[in-house]
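Derivation of every value follows stated rules applied to the coordinates shown; laboratory data play no part. On a predicted model such as this, the values are computed, not experimentally measured, just so you know. In this analysis, Cβ positions are derived from the backbone assuming ideal geometry, glycine residues included, and neighbour counts consider all displayed protein chains.
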Amino acid sequence: MKKPSFLERLTGSVSADEYDRVLDSKHEFGADDEQNDQYAEEDESWDNDPQNDHKPQEGELAVDMYQTSDSIVIRALVAGVSPSDLDISITRDMVTIKGMREEFQEAADDNYYHRELFWGSFSRTLLLPEEVVIDEADAQEKHGLLEIRLPKLDKNRSTQLRVKSQINPGK
């Protein structure tokens, strides 16, 4: 059997002959282990980028986002993070929340029974369902719960514009 190309492996496209061979009642699964091991090694090497080995993993912040009649509200649990260590960037249609939860270790790694808490940097970017007024946004943290309140842009709001006259008395 010829080795499938990267594109064939990526898309799953295999010739009809190959399907017939695998689906044949006489075919023993595992008979092609040598070739399958070769593909597995290639796949693992593709995943193991030596440049990524030393980069700390960044977590994704879990959030709730809902709307009221006049604003969009985003809530996230940021327990263990100082409010001064949170970085919140807002545009009219997007919010990005970044931060860092520092770990202080009281026990050696081999003394842990469970390790489920996330430590390190985290971020989350959310596309907003409506445009918001950036200058009126408000963020508060209380007992580890971050709440960001983003007033919606009132597209129906209008104002009367007065036209000023500039008369040049010298001419």
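Side notes on the structure shown:
- FRET efficiency, ALA108 to THR68 (Cβ-Cβ, R0 35 Å, nearest 0.05): 0.15
- Footprinting exposure proxy for LEU117, LEU128, LEU77, LEU161 (fewest neighbouring C-beta atoms within 10 Å first): LEU161, LEU117, LEU77, LEU128
- Using the Cβ-Cβ distance between GLU60 and GLN160 with R0 set to 45 Å, the FRET efficiency works out to roughly 0.45.
- Inter-part distance where the stretch 147-164 and the stretch 94-120 are each reduced to a Cα centre, Å: 42 Å
- Database remark: amide H of GLY59 closer than 5 angstrom to the amide H of SER121, PHE122, SER123 (H placed geometrically; neighbours at sequence offset of 5 or more, or on other chains; Pro and chain starts carry no H).
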